[in-house]
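A quick write-up on the structure given underneath.
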Amino acid sequence: MAGADPEKLIAKADKLSVYILRHCLNLLISPSVTSSTRLGDLSVLVERTKLTLTRWSADWRNATQYYEQAVKPWDAAKHMESAAALAVELSIWNEAADFYRRASELYNECGRSQPASDALAKGARALEDHKPEEAIAMYTDACALLEEDGKENMVFDIYRAITSVYIKLEKYTDAATFLLRWAVAANKCNALHSQCKAYLSAIIVYLYAHDFQEAEKCYNDCCQIDTFLSSDQSHCASKLLSAYREADIEEIQRVAKSSTVSNLDHVIIRLARKLPTGELVAMEINSLEHGAALDEDDLT
């Protein structure tokens, strides 16, 4: 933040304090607030967040627990999300992650898996460029919340985001693993076309990482599923692998530009357009060429 106006920075920092304290005042005049315990929690919160000559920053970590006690979980979760958004604006990434996670926990206490998952996904998106590993962890937890609640049809965008982050980090094996998990989730909600696209995407990621053996193994495993075996995505993968075996660069590039590949997610299309990566060597297909010379005296 070199060259930034100190007064503007202080004003931005004050936003977090003003926001929470304003909601404290709303609670104090609310007819629903009658318990002395709740009022006591609010008074402690105000004390924790008040700035003085000897304390220049609010004690957020301790103050938030009193705020949670003073309001209903749903309301607290909403305000936690707002606090998290302000922390993002102030580039306080650890605090932003903590607030989004706490918001998710509070939504989950209300039995609302979707808002709980959404809070984690919002935090992950905010952290992607600054704390990518934490973003992946939050995305993963967001998926788990929905899948545990039987809402696999709502995880597709999250899996797409996780895959994108892993590819940015050049962690291609991890990206392929989550694409396969995406395929399993798609199968559970009968999204068969999405399932086949996820399988083909995983194979392309392995090929981009120049891991032909893993790509072929993945293809063989996926072909055990009838839905994939008879799909356009399976035929496309088969053509790609055959072209690799023959070290046919033109055919690889032709298949990579096919309509089947063009219907995949953009991040996968970009990888496919760059195939092949690394040096290609024609691979032996029959066992006589691949193994030792035939021993005419060996009749086994």
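Among (1) of a type in the set (Gly, Ala, Ser); (2) open to solvent by 30 Å² or more (accessible area, probe 1.4 Å); (3) touching a Ser or Thr at 6+ places or on another chain (Cβ under 6 Å), which single condition is ALA186 missing?
For ALA186, the failing item is (2).
Quick check on ARG160: is it out of contact with any Lys or Arg (no Cβ under 8 Å at 6 or more places or on another chain), over 24 Å from CYS222 (Cβ atoms) and assigned to a helix (DSSP H, G or I)? Break it down stepwise before answering.
Values: out of contact with any Lys or Arg (no Cβ under 8 Å at 6 or more places or on another chain): yes; over 24 Å from CYS222 (Cβ atoms): no; assigned to a helix (DSSP H, G or I): yes.
It is false that ARG160 is out of contact with any Lys or Arg (no Cβ under 8 Å at 6 or more places or on another chain), over 24 Å from CYS222 (Cβ atoms) and assigned to a helix (DSSP H, G or I).
On the given criteria, is LEU169 open to solvent by 40 Å² or more (accessible area, probe 1.4 Å), hydrophobic (A, V, I, L, M, F, W, C) and under 30 Å from ALA272 (Cβ atoms)? Before the answer, list the steps.
Values: open to solvent by 40 Å² or more (accessible area, probe 1.4 Å): yes; hydrophobic (A, V, I, L, M, F, W, C): yes; under 30 Å from ALA272 (Cβ atoms): yes.
The answer is yes for LEU169.
Considering only the stretch 116-132, I want to know if a residue exists there that is touching a Phe, Trp or Tyr at 6+ places or on another chain (Cβ under 8 Å), of a type in the set (S, T, N, Q) and crowded, with 21+ Cβ neighbours inside 10 Å.
No; the residues of the stretch 116-132 include none that is touching a Phe, Trp or Tyr at 6+ places or on another chain (Cβ under 8 Å), of a type in the set (S, T, N, Q) and crowded, with 21+ Cβ neighbours inside 10 Å.
Scan the stretch 79-115 residue by residue and report those that are over 15 Å from ALA144 (Cβ atoms) and open to solvent by less than 10 Å² (accessible area, probe 1.4 Å).
Result: MET80, ALA83, ALA84, ALA87, ALA96, ALA97, ALA103, LEU106.
The values are calculated or read from the model by the stated rules, or taken from the named source; none is laboratory data. It should be emphasised that the depicted structure is a prediction, and the values quoted were computed from it without experimental measurement. A quick note on method: Cβ atoms are made from the backbone with ideal geometry, for glycine too, and the neighbour counts reach across all protein chains shown. The protein model used for the area step is the full one, side chains on, heavy atoms only, and it has no ligands, DNA or RNA in it. Shrake-Rupley method; radii C 1.70, N 1.55, O 1.52, S 1.80 Å.
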